[in-house]
Amino acid sequence: MKKSLYLALFLAWICVLSGGLLALANDVTAPVIAKNKAQAEAASFDELFGAGTEYVEVTFDQATYPHVEKIFQAGADNYAYKATIYGFQSDITFIVGVDASGNIMGFATLANADTPGFGLRVSDQEYVDLIMGKDITKNVDTLAGATVSSKAVQSALAEVGQHYANEVK
C-alpha cells in the first residue's frame, strides 16, 4: 500500500512537472508561431496584389459567413478573403483575391494537410489555373479525384461570393 501511494505521488509529480514545462514551451513558441503565420499571410497578400499594396481589414458578420475568417480591402477596389473549411481529413485555409469586377485574381493555400495526391491538389497550380478569372459570385469547378476537398473549398468560395455580392457590389 505504501509503495502504491509513493508511485502515485511520484507519477502525479512527473505530470505536474511535465505540464509546467509544456506550458513554458508554449509561452515561448506561441508568439513566434503567430509571427510566422502573419508573415505567411502577408506574403500571400503581396503575391496576390503585389508588394506595397495597403490592406485595410473589413468588419463583417462572421455568423453569416462562418468559414470566412478575415476580409481585407486591398487598394481601392480589390478584396482579399481568408477562409478556413474542413476538407477530407483536415482544415484547409486559403486566401482568395477578388478584383473590382468580382473575378478571382489569385488563390493561395496557407494550410492544407489533406490526403497527398488527392486533397492536396487544391493547393496545386492546377486548381489555381482552374478558378483564376472566374466570377466569385458563381460556382467554381471542382477537381476530379479530389472531390471532397475541392467541394469544401468550393463551398467556402461560395460564401466569399455571397459576401462579395451582398456587401461589396
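The values are calculated or read from the model by the stated rules, or taken from the named source; none is laboratory data. Just so it is clear, the structure is predicted and the values come from calculations on it, not from any experiment. Cβ placement follows ideal geometry from the backbone for every residue including glycine, while neighbour counts extend to all protein chains displayed.
Of the residues making up region 31-45, those that are surrounded by fewer than 13 Cβ atoms within 10 Å (Cβ to Cβ) and either among the charged types (D, E, K, R) or part of a loop (DSSP other than H, G, I, E, B) (or both) number 1. Number of residues in region 106-120 that are out of contact with any helix residue (DSSP H, G or I) (no Cβ under 6 Å at 6 or more places or on another chain) and either at pLDDT below 85 or crowded, with 20+ Cβ neighbours inside 10 Å (or both): the value is 6.
Taking region 87-103 as the range and being crowded, with 21+ Cβ neighbours inside 10 Å and either assigned to a strand (DSSP E or B) or not small (Gly, Ala, Ser) (or both) as the test, the residues that pass are ILE92, PHE94, ILE95, VAL96, GLY97, VAL98.
A single member of VAL56, VAL28 is touching a strand residue (DSSP E or B) at 6+ places or on another chain (Cβ under 6 Å) and either under 24 Å from GLU159 (Cα atoms) or loosely packed, with under 10 Cβ neighbours inside 10 Å (or both), and it is VAL56.
Here THR84 meets each of (1) under 20 Å from GLN125 (Cα atoms); (2) buried (at least 20 other Cβ atoms within 10 Å of the Cβ); (3) modelled with pLDDT of 90 or more; (4) not aromatic (Phe, Trp, Tyr) with one exception, condition (2). Scanning region 85-95 for residues that are closer than 18 Å to VAL128 by Cβ and either in contact with a Gly (Cβ under 7 Å, 6 or more places away or on another chain) or among the hydroxyl-bearing types (Ser, Thr, Tyr) (or both) yields GLY87, THR93. Output the residue which, of all residues in region 121-169 that are assigned to a loop (DSSP other than H, G, I, E, B) and among the small types (Gly, Ala, Ser), is surrounded by the most Cβ atoms within 10 Å (Cβ to Cβ). Among residues in region 121-169 that are assigned to a loop (DSSP other than H, G, I, E, B) and among the small types (Gly, Ala, Ser), the one surrounded by the most Cβ atoms within 10 Å (Cβ to Cβ) is ALA146.
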